[in-house]
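The values are calculated or read from the model by the stated rules, or taken from the named source; none is laboratory data. What you see is a predicted model; the values in this text were computed from it and never measured. No Cβ is skipped: glycine too gets one built from the backbone with ideal geometry, and neighbour counts run over all protein chains shown. SASA here: full protein model, heavy atoms, side chains in, ligands and nucleic acids out. Shrake-Rupley method; radii C 1.70, N 1.55, O 1.52, S 1.80 Å.
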Amino acid sequence: MRVYPEQLTQQLDKGLRQAYLLFGNEPLLKQECGDNIKRLAQQQGFLERHHFTIDNQLDWNLVLDCCQAMSLFSAQQIIELDVPDTGLNANQAKALLEVIGHLNPDILLVLTGPYLNKKQEATKWFKALDAIGLYVPCNTPDAKQMPRFIQARCRLLGLKPDHESVQMLAQWHEGNLLALAQSLHKLVLLYPDGELTIVRLQEALSRHNHYTPFQLVDAVLAGQAKRSQRVLRQLQGEGVEATILLRTLQRELTQLYKMQEMGKKGTPLNIIFEQFRVWQNRREMYIGALHRLPLSRLVGIIRQLTQLELQVKTDYDTNPWPALSALCAEICGFDTHLHYA
């Protein structure tokens, strides 16, 4: 059964499940969900904890021993397994299935790991655990989800932000949930009445949003011109090298070019996405980019990007950011009248 982090408390009120799967790209959410589960489990007598990291050196017999051995002090145990970022190989998946087969009511299993795609959710070990437990996707909210996420967190803390404050908190903390959590707790201490306005936020907080080059890629692929410019300005302010951004964009544009060529030859879109390993939840974004950027436009943008990269590497006094800003706008579908030599 799938529930989201904000729904976990409600589910825990109904009682503990035998297994919990905390997978996603957001460390704060995984930590908070894990802490809530273990806190309730300890209150109900699960006083022993065993933690294992799944890798090639793990002795699975130790995990099985935990399932089969009874403690002198407590019959109830929590077993925590950390799944590697690369996922489970065939041997590890087989060993995990064996552990699942030895679970009993006195064992609580908590798995923590990276984002899972549809293929991984279709594996035997995942289905076996999903049948007896809860799957909690712990992913960083995107720009659209962030305001709703903030409102939910504020309600839990007794904070009452107005609409403008929610939007400001979202912009200032996008991509950095840990800083958001710290800021909200600070606001609770500063303003006991819970009322949040833009003036109060500006007096109490500084910007904490932290972006990566991949968020810039997602913004331009989605055609989000304003967001891409905001991300680009933040990356520049954080001292990210322009060459890193140029290479990241070049890699994505080259992939789009190859996709367009395959489509021109009649290859179905789903086959193209499978070949380039585009996850299901990202395909809509790529479809929009492919419609917006035909081959001729891609050639021009790639040529201009290559010229800019060459200029950056040969002329150390050049300021690449205005041209990089224009390139991002071009990828989003705006004509900036760039000259393509």
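Laid out as a table, the results:
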{"read-out": "Matching option when the condition is outside any helix (DSSP H, G or I) and either open to solvent by 30 Å² or more (accessible area, probe 1.4 Å) or modelled with pLDDT under 90 (or both), among His337, His291", "value": "His337"}
{"read-out": "Residue within the stretch 252-263 that is of a type outside the set (Ser, Thr, Tyr) and without any contact (Cβ under 8 Å) to a residue 12 or more places away in the chain present", "value": "no"}
{"read-out": "Condition check for Gln43: open to solvent by 30 Å² or more (accessible area, probe 1.4 Å) and either within 22 Å of Gln11 (Cβ to Cβ) or touching a residue at least 40 places away in the same chain (Cβ under 8 Å) (or both)", "value": "yes"}
{"read-out": "Residue check for Leu58: free of Cβ contacts under 8 Å to residues at least 40 places away in the same chain, over 20 Å from Asn139 (Cα atoms), touching a Lys or Arg at 6+ places or on another chain (Cβ under 7 Å) and aliphatic (A, V, I, L, M)", "value": "no"}
{"read-out": "The stretch 228-252 - residue that is of a type in the set (Lys, Arg) and under 26 Å from Leu295 (Cβ atoms) and, of those, most open to solvent (accessible area, probe 1.4 Å)", "value": "Arg251"}
{"read-out": "Only listed residue being of a type in the set (Asp, Glu) and open to solvent by 80 Å² or more (accessible area, probe 1.4 Å), chosen from Glu174, Glu164", "value": "Glu164"}
{"read-out": "Residues (of a type in the set (Lys, Arg), closer than 20 Å to Ile78 by Cα and open to solvent by 90 Å² or more (accessible area, probe 1.4 Å)) located in the stretch 1-18", "value": "Lys14"}
{"read-out": "Which listed residue, of Leu159, Leu108, is buried (at least 16 other Cβ atoms within 10 Å of the Cβ), under 20 Å from Leu12 (Cα atoms), among the hydrophobic types (A, V, I, L, M, F, W, C) and at pLDDT 90 or above", "value": "Leu108"}
{"read-out": "Of the criteria (1) touching a residue at least 24 places away in the same chain (Cβ under 8 Å); (2) exposed (fewer than 15 other Cβ atoms within 10 Å of the Cβ), which one Ala75 fails", "value": "(2)"}
{"read-out": "Given (1) open to solvent by 30 Å² or more (accessible area, probe 1.4 Å); (2) farther than 20 Å from Tyr4 by Cβ; (3) charged (D, E, K, R), index of the condition Asp130 fails", "value": "(2)"}
{"read-out": "Subset of the stretch 180-227 (residues that are closer than 21 Å to Asp335 by Cβ and open to solvent by 40 Å² or more (accessible area, probe 1.4 Å))", "value": "Ala222, Gln224, Lys226"}
{"read-out": "Some residue of the stretch 87-100 being in a helix (DSSP H, G or I), open to solvent by less than 20 Å² (accessible area, probe 1.4 Å) and β-branched (Val, Ile, Thr)", "value": "yes"}
{"read-out": "Neighbours by Cβ (under 7 Å, 6+ apart or cross-chain): first from the stretch 118-129, closer than 17 Å to Ala95 by Cα; second part of a helix (DSSP H, G or I) and open to solvent by 40 Å² or more (accessible area, probe 1.4 Å)", "value": "Lys124/Leu97; Trp125/Leu97; Phe126/Gln120; Ala128/Leu97"}
{"read-out": "Arg303, sole failed condition from (1) open to solvent by less than 30 Å² (accessible area, probe 1.4 Å); (2) under 30 Å from Gly239 (Cβ atoms)", "value": "(1)"}
{"read-out": "Residue, surrounded by the most Cβ atoms within 10 Å (Cβ to Cβ), within the stretch 19-40, restricted to residues that are aliphatic (A, V, I, L, M) and more than 27 Å from Thr212 (Cα to Cα)", "value": "Ile37"}
{"read-out": "Residue within the stretch 143-150 that is closer than 23 Å to Gln18 by Cβ and either open to solvent by less than 30 Å² (accessible area, probe 1.4 Å) or of a type outside the set (A, V, I, L, M) (or both) present", "value": "no"}
{"read-out": "Flag if Leu103 is more than 28 Å from Gln182 (Cα to Cα), outside any helix (DSSP H, G or I) and not charged (D, E, K, R)", "value": "yes"}
{"read-out": "Helices (runs of 4 or more DSSP H) wholly inside the stretch 113-230 that include at least 3 residues being over 30 Å from Glu274 (Cβ atoms)", "value": "146-157, 163-173, 177-190, 198-204"}
